[in-house]
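What follows is a set of notes on a single structure, which appears directly below.
Laboratory data are not the source of any read-out in this text; all were calculated from the coordinates shown. Predicted, not measured: the structure shown is a model, and the values here were computed from it. Here Cβ is always computed from backbone atoms with ideal geometry, including for glycine, and neighbour counts include all displayed protein chains.
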Amino acid sequence: MVDFIQNTIDGVMIGSSYGLLALGFTVIFGVMRRLNLSYGPTVMIGAYCGTVLHLDFGAGLLAVAAAVVAGAVISGVYVERLCFAPMKAGAGIASMVSSFAIWMQLEQAAVLVLPRHTYPFPPLATGPALGIGPFLVRPDHLIMAASALVLAACVQLALYRTHFGLGLRAVIANPVAANLVGVDVRRSVMLAFAGASAIGGVAGFLVLAVDQQVTPMFGMWATLKGLI
């Protein structure tokens, strides 16, 4: 019985990484209904920004986290401006294909900056496992699971308890009507992409800080995990 509960705890802790990455996908795919295949690579670009800061300047964990989130947000806005903003309604397939092309572009840009296959990433926590009776929980896994719960609550509140969330849902339901009642459609969509990318940046930082390494294939891995 102890082994069963311990395995369940480990599964929940590790599975929180799926939940973290899926939160950003929920905003992009579920709420906004945008087929953005380059979401994972935008998170990877943020991760590489933090890695460069760590390797070349010896930046600490908080500075690396800020760089990862900032890089992911900038990359996400770049994708939105290039692949989605110019497209008219009903051009979902064109946006999806163009986002896949940007996926390749971002991945190659990361390889050009850091050509090796893997690079070290600063650890989130290095202390021993926490004992709760006969059970053990890694501190970094606990932080990641708690962060997933907090971010999920923040997304829920942002979508259903703020003027921005109300405006965004109005844009998705009927952009013409939303524009007529004063909602800035382009700004709402861009901010939603930036917010989803920020969530992805936090998720990417936590996952990589637990794994303690980064690779250009992280973008594909993050996309697959989020979709699962």
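For the range 119-201, averaging the sequence separation of C-alpha pairs within contact (under 8 Å, six or more residues apart) and dividing by the residue count gives a relative contact order of 14 percent.
Using a Förster distance of 41 Å, how high is the FRET efficiency between Leu62 and Met104, based on the Cβ-Cβ distance and rounded to 0.05? It comes out at approximately 0.80. Measuring r between the beta carbons of Leu55 and Leu136 and using R0 = 35 Å, the FRET efficiency lands at 0.65. Anisotropy class assigned to the range 1-98 is oblate, per the alpha carbon gyration tensor with a/c at or over the 1.5 cut-off and a/b no larger than b/c. Put a plus charge on the Cβ of each Lys and Arg, a minus charge on the Cβ of each Asp and Glu, and nothing anywhere else: the dipole of the chain about its Cα centre is then about 720 debye.
What shape does the range 96-228 have by the C-alpha gyration tensor, where a ≥ b ≥ c are the square roots of the eigenvalues, rounded means a/c under 1.5, and otherwise prolate means a/b greater than b/c and oblate the rest? Note, shape of the range 96-228 comes out oblate.
Between the beta carbons of Arg169 and Leu149, assuming R0 = 35 Å, the FRET efficiency works out to 0.95 to the nearest 0.05.
Simple rule: put +1 on each Lys or Arg Cβ and -1 on each Asp or Glu Cβ in the chain, find the dipole, and look at Leu23, Ala85, Pro175; the Cα lying farthest toward the positive end is Pro175.
Averaging the sequence gap over all C-alpha pairs within less than 8 Å and six or more residues apart, then dividing by the number of residues, gives the chain a relative contact order of 40 percent. Counting pairs of Cα atoms in the chain, how many percent are more than 27 Å apart? For the chain, the share of Cα pairs beyond 27 Å comes to 36 percent.
Each part gets one Cα centre, and for the range 17-36 versus the range 129-147 those centres are 26 Å apart.
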